[in-house]
Amino acid sequence: MSNMPVYTIGITGTIGSGKSSVVERLSQAFPTISSDAIVHQLYKDPKIANHIMTTLFNEDVDVVDLDLLRERMFNDQTLKTKLEAIIHPLVVLEIEKFKARHKGIVIVEIPLLFEAKLEYLVDEIVLVIADEDQIIKRLVKNRNMSEGDIRKRMNQQFSVDYKKAHAHLMFENNESPSDLDKKVLQLISIWKERHV
């Protein structure tokens, strides 16, 4: 497997579907990278932070005010578009660098893969899905979000039906952590057999 060309599997899904839990388990078998983690690292770069804060808020500072960013972006599509124009090309660059360092299967977690039109970065798309009541329960408990905010965030993303129609594989994540472990192990086994 070490001599085969890189084969990139993109993990995506709606907010609260449990993408990160799936990726965390997949990381035990394959190299993984998360676009969210890349973004957090980019925000820590003083030059990038300054560019963001100057462009978006006309504030000449070297630190991204994440609370301000989340609050304003949540209600301002224009601001969101401006931020994405700065961040997305940098995220793509980091993902391409990651892929260039590896052979065989790699996992890339991109929550907004369809929304950001980043399908071209991956060879296969896995959509992690969960029942809406399960999603709401998780986000209320784990992120302390209100149901209203959760529904607003969900409505800002492409519909699950759209994502289902464009994904290669659906991965349901409604069960217990131990059931999730079993399902991920099955997936790992299938991929390893297919890409030896």
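We did not get these values from a lab; they are worked out from the coordinates using the rules stated. All values reported here derive from a predicted model rather than from experimental measurement. Virtual Cβ from ideal backbone geometry, glycine too; neighbours counted across all protein chains shown.
Simple point charges give the picture: +1 on the Cβ of Lys and Arg, -1 on the Cβ of Asp and Glu, and for the range 46-98 a dipole about the Cα centre of about 160 debye.
Seen against the Cα atoms of the chain and their longest principal axis, helix 77-100 is set at about 40 degrees. A Förster distance of 30 Å, applied to the separation of the beta-carbon atoms of ALA29 and ASN144, puts the FRET efficiency at 0.40. Using every pair of distinct Cα positions in the range 46-98, the Kirkwood expression returns a hydrodynamic radius of 11.6 angstrom.
Taking ILE135, ILE105, ILE48 as the candidate residues, the one with maximal mean-square fluctuation in a Gaussian network model of the chain, Cα springs under 10 Å, is ILE48. Would you kindly give the portion of the calculated P(r) for the chain that falls above 28 Å, as a percent of all Cα pairs? The calculated P(r) of the chain puts 31 percent of pairs beyond 28 Å.
Between LYS47 and GLN156, residue separation times 0.36 nm minus the direct Cα-Cα distance comes to 36.3 nm.
The long axis of helix 147-156 is offset from the longest Cα principal axis of the chain by roughly 80 degrees. Each residue, ASP67 and SER178, gets one label point 7 Å from its Cα in the Cβ direction; the gap between the two is 4.2 nm.
When only the Cβ of Lys, Arg, Asp and Glu is charged (+1, +1, -1, -1), the dipole of the chain relative to its Cα centre reaches about 400 debye. With neighbour counts taken as other beta-carbon atoms within 10 Å, the residues MET4, MET53 rank, fewest first, as MET4, MET53.
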